[in-house]
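Beneath this line is the structure, given in structure tokens, with notes to follow.
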Amino acid sequence: ADEAGASDANSKEQLTVFHSPENFNVKHPLMNKWTLWFTKPPSPKGENNWNDLLKEVVTFDSVEEFWGIYNNIAKTSELALKSDYHLFKAGVRPEWEDPQNKNGGKWSYQFKEKRAVPIDELWLHVMLAAIGETLEAEDDKEIMGVVVNVRKAFFRIGVWTKSSGGGKTAPSRESLMEIGRKFKEVLRLNTNEHCEFSGHTESAHSGSTRAKAKFVV
Amino acid sequence: LQIKTNEPAPPSAALTALKSARFIENIGSVNYPSGILSPNPALNPAASGKFKYEKDFLLQFQGVFTEKPSVDWDKTMRETVGEPETTRPSTAR
């Protein structure tokens, strides 16, 4: 019965949201399911457990739903200081402690000229590169998620990877470098501006996110 | 039986379409209206299954699907991100 249904449906005209925003019958699948998370800024009085501040907002798996979310949520430029958005593959918490991030790391770039940088556009383009799966080669499966941090002195955008280029898995290093180059391109950085990669473990041990960069592009 | 006082509004036509639409199975089989850029075939050699999409293709949806993605979206926002200073109109119409 399912097969008959499917072939019948396929023979029917496929109407996209471009044909009919209110009557479309097909939508565009994403390669992965994604979850958007939000870190609330700590409140000045109590209740500042990290787990209370990190909120799961919504999970989606189509292009159309992504835009419904994006068009109805606060822009990065409207967020209070110490807020973060995290867009991660469903099932991965945006934390070093998640088992799937244990051996991973991240590429990141800090925009220190906050008023000069089109942060909303850059963050959108990074999210589109993540959900459109154009940050990495098909089989690498390194990307875990992307993040934007709103701080007093800077905006920072990062991309988290499953591995950190260490150990015996030599091929992962080239995958990571390729992701770094694509990331830099999406952020429209000049050749004299550098993205840095650091492993989560090193970041955790140094007690800050300013661990020594392992790779640079 | 629980009676909710803040009953969410019924879903909009666009949201109903989003929830009931099927996933495209073969990206090559879709005839986009003229003026709409199709997904880059070089990115999707297999044409079926799941697809990669370039930025310029994805950006075309920005002004087209503007509806809130669930009936209780406002509640979700209150409980997570909070509300932006400037509240957007709820629909583009």
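Rule-based calculations on the coordinates, nothing more; no lab input. Only a predicted model underlies this, so the values are computations on that prediction, with no experimental measurement involved. Note that we place each Cβ from the backbone using ideal geometry, even for glycine, and neighbour counts take in every protein chain shown.
In the range B:26-50, the residue that is farthest from A:L15 (Cα to Cα) out of those that are surrounded by 12 or more Cβ atoms within 10 Å (Cβ to Cβ) and within 7 Å of chain A (Cβ to nearest Cβ) is B:K50.
With the checklist (1) surrounded by 13 or more Cβ atoms within 10 Å (Cβ to Cβ); (2) within 9 Å of chain A (Cβ to nearest Cβ); (3) within 26 Å of A:V57 (Cα to Cα) in hand, flag the one item B:G63 doesn't pass. All conditions pass for B:G63, except number (1). Among the residues making up the range A:61-87, those that are under 15 Å from B:V71 (Cα atoms) and in contact with a strand residue (DSSP E or B) (Cβ under 9 Å, 6 or more places away or on another chain) are A:E65, A:G68, A:I69, A:I73. Taking the range A:62-96 as the search range and keeping residues that are surrounded by fewer than 18 Cβ atoms within 10 Å (Cβ to Cβ) and acidic (D, E), which one is farthest from the chain's Cα centre (by Cα)? Checked the range A:62-96; the qualifying residue farthest from the chain's Cα centre (by Cα) is A:E78.
Taking every residue in the range B:13-35 that is over 17 Å from A:G68 (Cβ atoms) and pairing it with any residue that is of a type in the set (S, T, N, Q) and surrounded by 14 or more Cβ atoms within 10 Å (Cβ to Cβ), at least 6 positions away or on another chain, the pairs with Cβ-Cβ distances below 6 Å are B:I27/B:N44; B:V30/A:Q14. Which ones in the range A:73-101 are out of contact with any Ser or Thr (no Cβ under 8 Å at 6 or more places or on another chain) and closer than 14 Å to B:M77 by Cα? Answer for the range A:73-101, where residues must be out of contact with any Ser or Thr (no Cβ under 8 Å at 6 or more places or on another chain) and closer than 14 Å to B:M77 by Cα: A:I73, A:A74, A:K75, A:L79. Residues being in contact with a Leu (Cβ under 7 Å, 6 or more places away or on another chain) and at the interface with chain B (Cβ under 10 Å from one of its Cβ atoms) are represented in the range A:46-58 by at least one member. Scanning the range B:49-58 turns up no residue that is closer than 17 Å to A:P21 by Cβ, without any contact (Cβ under 8 Å) to a residue 40 or more places away in the chain and assigned to a loop (DSSP other than H, G, I, E, B).
For the range A:147-168, the count of residues that are among the polar types (S, T, N, Q), within 16 Å of the chain's Cα centre (by Cα) and in a strand (DSSP E or B) is nonzero. Just wondering, is there one or more residues in the range A:22-42 that are at the interface with chain B (Cβ under 7 Å from one of its Cβ atoms) and among the polar types (S, T, N, Q)? Yes: the range A:22-42 contains one or more residues that are at the interface with chain B (Cβ under 7 Å from one of its Cβ atoms) and among the polar types (S, T, N, Q).
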